[in-house]
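So the structure is just underneath, and the comments pick up after that.
The values are calculated or read from the model by the stated rules, or taken from the named source; none is laboratory data. Just so you know, these numbers come straight off a predicted model, no measurement behind them. Every residue, glycine as well, gets a Cβ built from its backbone with ideal geometry; the counts of neighbours run over all protein chains shown. All accessible areas refer to the heavy atoms of the entire protein, side chains included, with ligands and DNA or RNA removed. Shrake-Rupley method; radii C 1.70, N 1.55, O 1.52, S 1.80 Å.
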Amino acid sequence: MTNDNGRKDLLELGLSLETLAIRAGHTQTPELEHAEPIFPTSSYVYASAAEAAARFGGELPGNIYSRFTNPTVRAFEQRLAAMEGAERCVGTASGMAAILSTFIALLKAGDHIVCSRSVFGTTVVMLNKFMAKFGVETTFVDLNDMDQWQAAIRPETKMLFLEAPSNPLGGTADIAALAELAHSKDIWLAVDNCFCTPALQQPFKMGADIVIHSATKYLDGQGRCVGGAVLGSHELMEEVYGVLRTCGPSMSPFNAWVFLKGLETLNLRMQAHSSSALKLAQWLESQPQIEKVHYNGLVSHPQHELAAKQQSAFSGVLAFEVKGGQDEAWRFIDATQFMSITANLGDAKTTITHPATTTHGRLTPEEKVAAGITPNLIRVSVGLENVDDLQADLARGLAAI
Ligand SMILES: *Cc1c(COP(=O)(O)O)cnc(C)c1O
């Protein structure tokens, strides 16, 4: 990766994540621009027919068509790769496109995945409805039960897949132990790092082979664009890139530009989200109308110690159970006055939602019980508003129960 004006390669300078988030990935054009440019172009032109032939044939590196390469998307990919400590990143149209591209790049009919039960609901549907249709089977296991992970592995298993921390209860798994298990069986460990981002947790350092992001969440951080990313070795990412090139779930240059600017403030935002979420979680825990608070930054969380070992802070999503049932939970939500009633998360704007009837509404009653999605559970994605104002809005909710 080159720096501006022919200075030293940024990756050779041993820079920290905070600096890479702002500096990595931008190669200045002859215009000498300071901020990253957007290249909203579908295709590229060549000096001659021979040059075009050489580019298409792969003998000359360079752009061909924005389904496969675009300079703005590449800048985003290089910046995020530097931050996660990955050899290569592939930007995708959405977080789900990142997950799908990973699966279809690396798995074939007859293969098997072991997946945490507590992953994003749409990931479960993708595995059960679509991957199954093409002959890839999945076994779901409890996120933090190593025995279940181990027992579920078969000769056809190719990948362990998890999301940590999990949504909405903040469960986590020992990523290093799972990496060791995967590698002892010669299979891959893939981690959806959406909730922590590289600012708080770096799965490659713990041995993961693949890291997946929904850039829609904290990487953008202001709820503007949908996008995703897959990261890993050159060898694995060449396969994922091949899916994009052929099947087309590619990131748009405009979205890549928004995400590039999002990454510049990621570290500061994640610190602020985490600090406010911890304060609110501690305050909620002391309120008599609250039965239980789920936030792995709280000492009371069953996996607090593991989370503290793997994460530098605890991110912005917390959940809590109010005393009562769905009526009380809905009354709480409806009594708040400025937080957004929506299921999105990872935004500067605080959001509040009732998982049992929104994000997890498609689960059967038994699946809800297994996932801990009780009728009195409320999830808050703590944004960047003043924390006292947020506490006051939650207090309105409490008063309405
Ligand atoms: C939102 C989300 C996704 C899906 O991402 P999209 O950008 O909405 O496609 C995947 N994993 C996690 C953990 C998410 O929160």
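Could I have the simple spin-label model distance between Arg224 and Thr342, label points 7 Å from Cα toward Cβ, reported in nm to one decimal?
Computed distance between label sites Arg224 and Thr342 equals 1.5 nm.
Mind giving me the nanometre distance, one decimal, between the label points for Val369 and Asn386, set 7 Å out from Cα along Cα→Cβ?
In this crude spin-label approximation the distance works out to 4.6 nm.
How large a share of the accessible area of the chain, in percent, is made up of carbon and sulfur atoms when the probe is 1.4 Å and the other protein chains stay in place? Numbers along the way, then the final one.
Values: 9320 of 17130 Å².
Carbon with sulfur: 54 percent of the solvent-accessible area.
Whole-Hz ³J(HN,Hα) for each residue in region 228-243, computed from phi via Karplus 6.51 cos²θ - 1.76 cosθ + 1.60 with θ = phi - 60°, x for glycine and proline: what do you get?
The phi angles translate into x, 7, 10, 10, x, 6, 3, 4, 5, 6, 4, 5, 5, 4, x, 5 Hz.
List the GluC sites (Glu not before Pro) within region 53-110 that fall in a DSSP loop (any state other than H, G, I, E or B) and whose Cβ has at most 15 other Cβ atoms within 10 Å.
Details: sites: Glu59, Glu77, Glu84, Glu87; in loops: Glu59, Glu87.
Those satisfying the criteria are Glu59, Glu87.
Once amide H atoms are placed 1.01 Å from N in the peptide plane, what residues at a sequence separation of 5 or more from Leu189, or on another chain, have their amide H within under 5 Å of its amide H?
The list, which skips near neighbours in sequence, is Leu160, Asp209, Ile210.
Against the longest principal axis of the chain, how steep is helix 326-335, in degrees 0 to 90 to the nearest 10, with axes from Cα atoms?
So the helix axis and the longest Cα principal axis differ by about 70 degrees.
I'd like the Karplus ³J(HN,Hα) series for region 14-20: coefficients 6.51, -1.76, 1.60, θ = phi - 60°, whole numbers in Hz, and an x wherever there's a Gly or Pro.
Values, residue by residue: x, 6, 7, 4, 4, 6, 4 Hz.
Grab the DSSP H runs of the chain that are 4 residues or longer, score each as -39,500 (n - 2.57), total them, divide by all residues and round the 222 nm result to the nearest 500 deg cm²/dmol.
Details: 15 runs with 151 residues, N = 401.
Taking each H run of at least 4 residues, the total per residue is -11000 deg cm²/dmol.
Less than 15 Å Cβ to Cβ from Ala256, Lys/Arg counted +1 and Asp/Glu -1: what total charge do the surrounding residues give?
Its environment carries a net charge of +1.
In whole Å, what is the distance between the alpha-carbon centres of region 334-398 and region 138-217?
25 Å
Arrange the peptides 117-126, 42-51 so that the one whose residues have, on average, the most other Cβ atoms within 10 Å appears first.
Working: 117-126: 18.6, 42-51: 10.5.
Per-residue mean Cβ counts within 10 Å order the peptides as 117-126, 42-51.
Which of Ser66, Ser250, Ser214 moves most in a GNM of the chain, Cα contacts under 10 Å?
Ser66
Using only the Cα atoms, work out Rg/Rh for the chain, with Rh taken as the Kirkwood radius, to two decimals.
Values: Rg = 21.8 Å, Rh = 22.0 Å.
For the chain, the value is 0.99.
Using a 1.4 Å probe, what is the accessible area per residue for the chain, in Å²? Before the final figure, lay out the partial values.
Details: 17130 Å² over 401 residues.
Value for the chain: 43 Å² per residue.
Considering only region 14-262, what is the antiparallel percent among its DSSP beta bridges, to the nearest 5? Provide the component values of the computation, followed by the final result.
Details: 11 of 28 bridges.
Antiparallel bridges make up about 40 percent of those DSSP assigns within region 14-262.
Taking H as built 1.01 Å from N, whose amide H comes closer than 5 Å to the amide H of Lys292, not counting residues under 5 places away?
Under 5 Å from the amide H of Lys292: Glu321.
Which entries of Lys133/Lys158; Lys8/Lys309; Lys261/Lys349; Lys158/Lys261; Lys279/Lys349 have Cα-Cα distances beyond 24 Å here?
Numbers: Lys133/Lys158 17 Å; Lys8/Lys309 34 Å; Lys261/Lys349 17 Å; Lys158/Lys261 36 Å; Lys279/Lys349 17 Å.
Correct reply: Lys8/Lys309; Lys158/Lys261.
Where Rh denotes the Kirkwood radius from the mean inverse Cα pair distance, what is Rg over Rh for region 266-400? All intermediate terms of the calculation are to be shown ahead of the outcome.
Values: Rg = 14.1 Å, Rh = 14.9 Å.
Using Cα coordinates only, the ratio equals 0.94.
What are the ³J(HN,Hα) values, in whole Hz, obtained from phi via the Karplus relation 6.51 cos²θ - 1.76 cosθ + 1.60 with θ = phi - 60°, for each residue of region 104-120 in sequence order, with x given for Gly and Pro?
Values per residue, Gly and Pro as x: 6, 6, 10, 10, 9, 3, x, 7, 9, 10, 9, 10, 4, 5, 9, 9, 3 Hz.
Pick out which of Ser381, Ser276, Ser340 has the largest mean-square fluctuation in a Gaussian network model of the chain, springs linking Cα atoms closer than 10 Å.
Largest GNM mean-square fluctuation: Ser340.
Return the long-range amide H neighbours of Thr138 (sequence gap of 5 or more, or a different chain), with a cut-off of under 5 Å between placed amide H atoms.
The answer is Ile113.
Which of these, Thr172, Thr197, Thr364, has the largest mean-square fluctuation under a Gaussian network model of the chain (Cα springs below 10 Å)?
Evaluated over the chain, the most mobile residue of the options is Thr364.
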